[in-house]
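The values are calculated or read from the model by the stated rules, or taken from the named source; none is laboratory data. Being a predicted model, the structure only gives us computed values, none of them experimental. Here the Cβ positions follow ideal geometry from the backbone for every residue, glycine too, while neighbour counts run over all protein chains shown.
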Amino acid sequence: MKRHTLHRRTLLQGAAYGMLAAVGLPPLEAMLNGNGTAHADGTPIPVRFGIWYWGSGVRRERFFPSTPGPNWEITPELAPLEGVRSEINVLGGFSVREGGIVHHIGTAVLKTGRGYIDHGGFFNTDVRAHSFDIDVARHLGADTAFPALHVGVYSDGQFNGEGLNTRALSHNGPGSPNLAETSPRAVFDRLFGVQTDVPSTDAAPFPSAEHRRSVLDIVNEQARALRARLGTADQARIDEHLEAIRGIERRLEANPSTGNAACQSPARPTQGAPDLRRPDMVLHNELMADLTAMALACDLTRVFTFRHHGWTDDPVLEDLGANATHHTLTHTEGGNQPTVHAINVFTMSQLAKLIERFQSVSVGGGTLLDHSAIMAYSEVGEGWSHSLDDIPMMTIGRAGGALRTGLYHRSTTRESVTKVNLTMMRAVGMDVEAFGEGPHRVTDPVGAIMT
Amino acid sequence: MQGRSLFGRRRSSRRPHWRQSRFVGPALLIGATLAGCTGVIADSGTGSGGPDASGGGEGGGGEELSGDFRGSSAGLRLLSVSEYRATLRDLLGVEVPGTDTFQADTPVQGFTAIGATRVAYSAPKVERFEQVAYELAGEVFAEGGRRQDLVGCEPSSSTDPCIREFLASFARRAFRRPATAAELDTYAGLVASTADPDAWTGLAYAVAAILQSPSFLYRVELGEPDAAGGEHLRLTGFELATRLAYLVTGSTPDDELLDAAESGALDDEQGLSEQLERLLASPAAQTALMTFLEEQLDLHHVHKIVKVPEAFPDFTPALAEAMAHEMYEVVRDVAVREPDDLLSLFSRRDTYVNGPLAALYGVPGPESANDWIPVTLPEDGPRAGLLGFAGFLASHSGAAETSVTKRGFFVVSKLLCREIPAPPGDVITVLPEPPAGGHVTMRERVEQHMSDPSCKGCHLAMDPPGLALEHFDALGVYRETDGGLAIDATGEIDGEAFDGARELGELLAAHPDVSACFARRFHEYALGTALGKKTSVTDLVGAFEDSGRRLPDLVRAVVLHDSFRLVSAPR
């Protein structure tokens, strides 16, 4: 009787789908050089990049300070960020310099530096090109286990019926949104691996890394053969598929990265995506901030996008007295919109939580924030007017020294929001001459916040 | 990783740049619009109404469709999550694990089937496909699993001929076409090289490899030149079988269908019709065809209804479930169970209630939430049809208030297939506050839509059907008044007047645009593409009307139409 190696329900022992399982826990400690700016072996501490986004804008008069410079006053909607003001810059006066379907045009320009393509039908827009975080990931993350991490707190994704441009904060290109994962346990499983008990057996694991690679070789060849028979649009879809396979292969190679002393695999969250009706926004923001911080600390990735809520998919925050979604309220609440304002304050408090979480991660002689460049924004200036001016934007972190912090900077000439994108790209060390197209094309960053 | 671009990009300028003249302004719940909105694209040259002028198709930004071509382009289609699960159930007899195992599908223009021809599999999804392939293969080939049933023999070694026979038959089912000799060589070689400690392990790897193949994960619809000399490509027999199976059963073609494809039986209408009838009679057909209506009629919105507790303390998850159950059961009855005129969905008074729902409707009913009984709503009552379902009304409202725009937009856009452009970007979109201390009806609050010149063009088309439903609050409960004020539920569509939900339902049940809209949208769903607004489908609409407007007959008309097996050159 042959000995059978495959046991039911123990399929993933040693299968090591997650990166940490592949390299073994805990990861190597990073040894630092004398002034904490690099590892002991001279490799520099990598800079991380992120985007934090929320939908439907702010109340302009209660968000933007009036005094540019380092002594900006804490406004009602920035109040939650007071404790971390030294880590951020607030940016005012920047505009989306093209009209179009509002919300759609803002999000397209802030993601890709250009307008959308409209395929007709019900608000059926898509981006025209990949979003700029893809370029950043290419620059920063060629060697990390994952090129980027895309997470979110609240999304009901499917039900709005509008185009792909509205679904995601990041796109590989037209027809390829990088959806924000809102299930904390799914994020954990993808990053840190499916944890199963490893039984005491000397049986070979199924599947083994070696055989997984053999199978992927076969799949690659088949995909390439199929690709040759396709039109360009489908070739692009196969290219995405091949790219995803390359990611799996990269992780199978199991080269441990130096990681960071603060890296530790978090406990696996039990939570799936938040309940659509009664989402626990605070808990889910915290869980995602934790997972993101650890993914960066462990150098599993150096790029993340964090979609707090959209404008077509956003919750009814009953705890704040809302009787409609944030977006609805921006269009129905009268007066100076006190509930909208309360939601804006709440949203900023959630951003503050992420900033604090990053602050708690020691990297080098400082914190993860010192080595991060995060861009925070919404796709409209104000919800009720859909203003394309005064888009609320912030930068967070010092980017390893490339970014100043603690400032309120205001553009007085309605400069394009894309200057901020360009600033982030330069801050993480990209040698990029320009960003954006047409009215959004810029060649200079926001000098006031760069060192 | 030198020489590799992280995301090898095709040129993004491959689509023509269309003027974005039509859609300017915010995507709003309550908004304002261009002047001159006549219910169809303004410069289409056609008036409102008329089956061909309507459509859920492309606007000025339309792209790959060439002229009037009625079909998608040759290429790949993704498997939806439910298609993937059903396929693996049929191939291996095992269930794909987990609830958040996969990222959700990405519908485009209201249908997952259109998204399937345009959207890429995401990286997390590709990763999960690999993992699930091993999870399922491991389960099937484990000791005590159903491996012998599946393989059909007990291989004596890793080169036992029965292995290659199994691989050929399994790959044929998985790829939905015969595997090539080269493919079989590859998989047989894989079995031999991974057969440690035995052939079962090797077979598990081979099955997992097959389930990761692009020939499995994508439905290939490349077609072949038309032997009759037509300018477009014709799907091969296997490709047609695949399209038929997924459309009608939501899963992969079975052996009998593959055999029919192989023998050429699907090349003529009779052979195709025989297989179609066989599939339509299968239990899976009812579920699969419901997907069309679920997406077209926004039925799935019932799963995300949010109500403010102070305003609606009776709104519990149990009530939400009851609302969903009622809607799905009635639609299922009319569409697939005892197929009837689809348009009767808007006027019928036969429905089902349990305790809570009966109370909500104010009709006699069971005590318990667990008991469901059929009822007929009163003939002179306010409610009839889909527009009277609590599930529809509650899901097309706000959390505390009704939404004239959501309800009106549904009628105009989803039932009449009329396009409503986006509002302009520079209007103030907050409705005026009611006078201090005074309550006004929702009609009065949205009056501004209909008097402001930049709003009224489109809101005159869109708001009246929504206002007709104002006798139902945000939960779908009937109310005589709106905060003590009389409700005016009158309106008109194309000059035909109605007063209230029941009359509106009766109007829609007899409106030619509604049947044309169903026909056109199912056609798009089946083809996996939006149709150009100049693309005529009058033949299909006529066939649908003549057959009594039953969904299975619409399926027959679409499947047997030549367009079902044509594709244009790859884009």
*Counted residues, segment B:151-200 - those being among the acidic types (Asp, Glu) and farther than 28 Å from B:Asp259 by Cβ*: 2
_Hey, B:Thr87 at the interface with chain A (Cβ under 10 Å from one of its Cβ atoms), in contact (Cβ under 8 Å) with a residue 60 or more places away in the chain, of a type in the set (Ser, Thr, Tyr) and assigned to a helix (DSSP H, G or I) or not_ = no
_Yes/no for A:Glu162 being in contact with a Gly (Cβ under 8 Å, 6 or more places away or on another chain), in contact (Cβ under 8 Å) with a residue 12 or more places away in the chain and among the acidic types (Asp, Glu)_ = no
*asked:* Scan segment B:278-298 and tell me whether some residue there is under 17 Å from B:Arg337 (Cα atoms), more than 14 Å from chain A (Cβ to nearest Cβ), touching a Phe, Trp or Tyr at 6+ places or on another chain (Cβ under 6 Å) and not hydroxyl-bearing (Ser, Thr, Tyr).
replied: yes
_Here are the criteria: (1) in contact with a Ser or Thr (Cβ under 9 Å, 6 or more places away or on another chain); (2) touching a residue at least 40 places away in the same chain (Cβ under 8 Å); (3) hydrophobic (A, V, I, L, M, F, W, C); (4) within 10 Å of chain A (Cβ to nearest Cβ). Tell me which single one B:Val140 does not satisfy._
(1)
*For segment B:359-375, indicate whether the set of residues that are within 25 Å of A:Ala324 (Cβ to Cβ), at pLDDT 90 or above, of a type outside the set (S, T, N, Q) and assigned by TED's automatic domain parsing to the domain that holds B:Phe312 is non-empty.*
yes
_Checking the conditions here, which among B:Pro378, B:Pro453, B:Pro423 is modelled with pLDDT under 90, surrounded by fewer than 18 Cβ atoms within 10 Å (Cβ to Cβ) and either over 22 Å from the mean Cα position of the chain (by Cα) or farther than 22 Å from A:Asn124 by Cα (or both)?_
B:Pro453
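Let's see how each residue does on (1) more than 14 Å from chain B (Cβ to nearest Cβ); (2) among the small types (Gly, Ala, Ser); (3) in contact with a His (Cβ under 9 Å, 6 or more places away or on another chain):
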position: A:Gln235; (1), (2), (3): no, no, no
position: A:Cys263; (1), (2), (3): yes, no, no
position: A:Gly272; (1), (2), (3): no, yes, no
position: A:Leu276; (1), (2), (3): no, no, yes
position: A:Ala289; (1), (2), (3): yes, yes, no
position: A:Thr312; (1), (2), (3): no, no, yes
*May I ask you to say which residue of A:Phe146, A:Phe132 is within 11 Å of chain B (Cβ to nearest Cβ) and either surrounded by fewer than 24 Cβ atoms within 10 Å (Cβ to Cβ) or within 20 Å of the chain's Cα centre (by Cα) (or both)?*
A:Phe146
_Wholly enclosed helices (runs of 4 or more DSSP H) of segment B:468-571 bearing at least 3 residues within 30 Å of B:Gly223 (Cα to Cα)_ = B:512-527, B:538-546, B:551-560
*Restricting attention to segment A:333-350, which residues are within 12 Å of another protein chain (Cβ to nearest Cβ) and surrounded by fewer than 24 Cβ atoms within 10 Å (Cβ to Cβ)?*
A:Glu333, A:Gly334, A:Gly335, A:Asn336, A:Gln337, A:Thr339
*away from chain B (no Cβ under 14 Å), in contact (Cβ under 8 Å) with a residue 24 or more places away in the chain and either among the acidic types (Asp, Glu) or not in a helix (DSSP H, G or I) (or both): does that describe A:Leu81?*
no
*Scan the strands (runs of 3 or more DSSP E) fully inside segment A:334-451 and keep the ones with 1 or more residues being over 23 Å from A:Leu296 (Cβ atoms).*
A:408-410
*Out of (1) of a type in the set (S, T, N, Q); (2) over 23 Å from A:Ala352 (Cα atoms); (3) more than 14 Å from chain B (Cβ to nearest Cβ), the odd one out for A:Asn285 is which?*
(2)
*If a residue has to be of a type outside the set (A, V, I, L, M, F, W, C) and assigned to a helix (DSSP H, G or I) to count, how many in segment B:222-243 make the cut?*
4
*Test result for A:Ala295, touching a residue at least 40 places away in the same chain (Cβ under 8 Å) and in contact with a Ser or Thr (Cβ under 8 Å, 6 or more places away or on another chain)*: yes
*asked:* If I ask for residues that are assigned to a helix (DSSP H, G or I) and either within 15 Å of B:Ala489 (Cβ to Cβ) or modelled with pLDDT of 70 or more (or both), which ones from segment B:431-449 would you list?
replied: B:Met442, B:Arg443, B:Glu444, B:Arg445, B:Val446, B:Glu447
*asked:* Just the residues that are assigned to a loop (DSSP other than H, G, I, E, B) and either among the aliphatic types (A, V, I, L, M) or out of contact with any Gly (no Cβ under 6 Å at 6 or more places or on another chain) (or both), please, taken from segment B:366-381.
replied: B:Ala369, B:Asn370, B:Asp371, B:Trp372, B:Leu377, B:Pro378, B:Glu379, B:Asp380, B:Gly381
